[in-house]
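Working notes for the structure below.
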Amino acid sequence: MADETLGPSRLESGPAAAGGPLRYEVLVLNQISPNGLKRLPADRYTVGKDVPHPVAVLVRSADMHAMDIPASVRAIGRAGAGTNNIPVDAMSARGVPVFNAPGANANAVKELVLAGMLLAARNLAPALRFVAALDPTLPDMDKAVEEGKKAFAGYELAGQTLGIVGLGKVGCLVADAAIKLGMDVLGFDPHITVDAAWSLPAQVRRAASAAEVLKHADFVTLHVPLVAATRDLVNADNVAQMKPGAVLLNFSREGVVNEAAVLAALSAGPLACYVCDFPSAALNRHGKVIALPHLGASTREAEENCAVMVADQLRNYLEHGVVVNAVNFPHVEMARESAYRVAIANANVPNKLGQISTAMANAGLNIHNMVNKSRGEMAYTLVDVDSAVEPAVLDNIRAIAGVLSVRYLPQPETP
Ligand SMILES: NC(=O)c1ccc[n+]([C@@H]2O[C@H](COP(=O)([O-])OP(=O)(O)OC[C@H]3O[C@@H](n4cnc5c(N)ncnc54)[C@H](O)[C@@H]3O)[C@@H](O)[C@H]2O)c1
């Protein structure tokens, strides 16, 4: 549907229409790291919980599904990885990109995986419980410590085999760290990206399936998204094939593991320990389960990385139309070679580009540079033209069937 209601003067509210500098209002739904918010400079951005005409929304975990998202909103930035709290399909229908921050929390998760392996290998959870239960008033506490410690003797990570299912941002960092700790690493990812493959240490051995990883590793760690194909990725069939005494780590998502199968494998073997970020009634207080309260991304650095990354992406989109890390738009970057840029999102159907360039040619506009890309049902075009674009031309483009949004992005004035 063409966007009839939002001309650029209303989009970049107030002063722009009067010839003043462009201002952008950004609605913030959660607490966002101040270092992230600083990326939206105050001379051009009004950022807050009460902005009347937001052109963008910054969100962490707030559920936006029931929210009446104002028609003025042209972009949503999620300071994190998952976007299931955002109505992505509805935003796509409005030609609104939803940005996220892939990988910004990967180091935080990697470090917790390393902690998880050490917790399991060195029996640290029961050891801490043992010490906490010691009576500090006992005169011979030292003796009790020496006698008790035998129960917690562990083993070292060096020389153990770590299996990694999912070699994306987190999985690759875990592989690298594990190699540096002297572990043997076996990995599986049917859709590994070229970037990820390049970043993997050469020592990582490649498995042909998740089942192979589970069968041959002493530790198995999961770093896949939860989608239909990965639900119950670890199940009764393959968990039974794991090595006796193996440790399973899940810092991915709860549903990636079939909890009943894991509990059965903990009780009857072969599994010695399940370390996860997803406590549940069934897992809680189980002697062989170490459950953390979803701490994977909970570091100040990860929160800041996410906020900075997504604020930069939003700004680049609002001011230049550039799309990096949107979950529903193609990746589109084009260096500015003209002060007059138009950004168009449309349904990915034939002849839209022809109609758009005809509308511009009919108005006597010379196209200086142009990029057009598609992803699934969404197509996105950036056009730099040599002269200013009249509102009537933008309206003509908006009127083309299948055009979802049109933005005019004259070069922002430098402060
Ligand atoms: N515990 C936490 O707080 C926390 C924090 C961040 C991420 N996560 C979870 O970790 C997951 C991984 O994060 P990431 O940043 O590495 O994501 P990513 O998108 O960079 O990597 C995911 C990888 O999984 C691979 N994959 C998909 N299906 C697979 C399958 N069937 N078998 C093997 N590999 C498969 C993909 O090809 C991709 O390389 C996220 O999707 C998220 O669910 C959890």
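The values are calculated or read from the model by the stated rules, or taken from the named source; none is laboratory data. Note that the structure is a prediction, hence the values are computed from the model and not measured. Note that we place each Cβ from the backbone using ideal geometry, even for glycine, and neighbour counts take in every protein chain shown. To get the accessible areas, we keep the full protein, side chains included, count just its heavy atoms, and leave off ligands, DNA and RNA. Shrake-Rupley method; radii C 1.70, N 1.55, O 1.52, S 1.80 Å.
Would you kindly give the portion of the calculated P(r) for the stretch 287-330 that falls above 15 Å, as a percent of all Cα pairs?
60
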At 7 Å along Cα-to-Cβ for each site, give me the label-to-label distance between residue 395 and residue 62 in nm.
3.4
May I ask you to work out the translational diffusion coefficient for the stretch 119-222 at 10 °C, viscosity 1.306 mPa s, via Stokes-Einstein with Rh from the Kirkwood sum over Cα pairs, reported in whole µm²/s?
101
What's the whole-number percent of alpha carbon pairs in the stretch 318-415 lying beyond 18 angstrom?
41
Portion, in percent, of the accessible area of the chain that falls on carbon or sulfur, probe 1.4 Å:
55
Charge dipole of the chain about the Cα centre (unit charges at C-beta), most positive-ward option of 291, 27, 247:
247
Distance between modelled label sites at residue 358 and residue 141, nm, 7 Å Cα→Cβ extension
8.5
Across 10 Å bins from 0, what is the distribution of all Cα-Cα pair distances for the stretch 239-364, in whole percents?
10, 25, 17, 15, 15, 11, 5, 1
Using +1 at the Cβ of each Lys and Arg and -1 at the Cβ of each Asp and Glu in the stretch 149-205, identify which of 191, 181, 203 lies farthest towards the dipole's positive end.
181
Can you compute the modelled spin-label distance between residue 43 and residue 152, with each label point 7 Å from Cα toward Cβ, in nm?
5.8
The stretch 141-190: projected area of the alpha-carbon convex hull, averaged over directions, in nm²
4.9
Rounded to the nearest 20 debye, dipole of the stretch 110-164 from Cβ charges on Lys, Arg, Asp, Glu
240
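Taking only protein heavy atoms and a 1.4 Å probe, what accessible area per residue, in Å², does the stretch 29-167 have with all protein chains in place?
Normalised by residue count, the accessible surface of the stretch 29-167 is 49 Å².
Quote the charge dipole size of the chain about the Cα centre in Debye, to the nearest 20; the model charges only the Cβ of Lys and Arg (+1) and of Asp and Glu (-1).
280
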Note the per residue figure in Å³ for the convex hull of the C-alpha positions in the stretch 177-287.
110
Can you give the translational diffusion coefficient of the chain in µm²/s, computed by Stokes-Einstein from the Kirkwood radius over Cα pairs at 20 °C and 1.002 mPa s?
89
Charge dipole of the chain built from unit charges on the beta carbon (Lys, Arg +1; Asp, Glu -1), centred at mean Cα; most positive-end Cα among 128, 308, 41 is 128
Over all pairs of different Cα atoms in the stretch 49-189, the reciprocal of the mean inverse distance gives a Kirkwood radius in Å of 19.5
Working from the alpha-carbon coordinates of the stretch 181-232, get Rg over Rh, Rh being the Kirkwood radius.
0.95
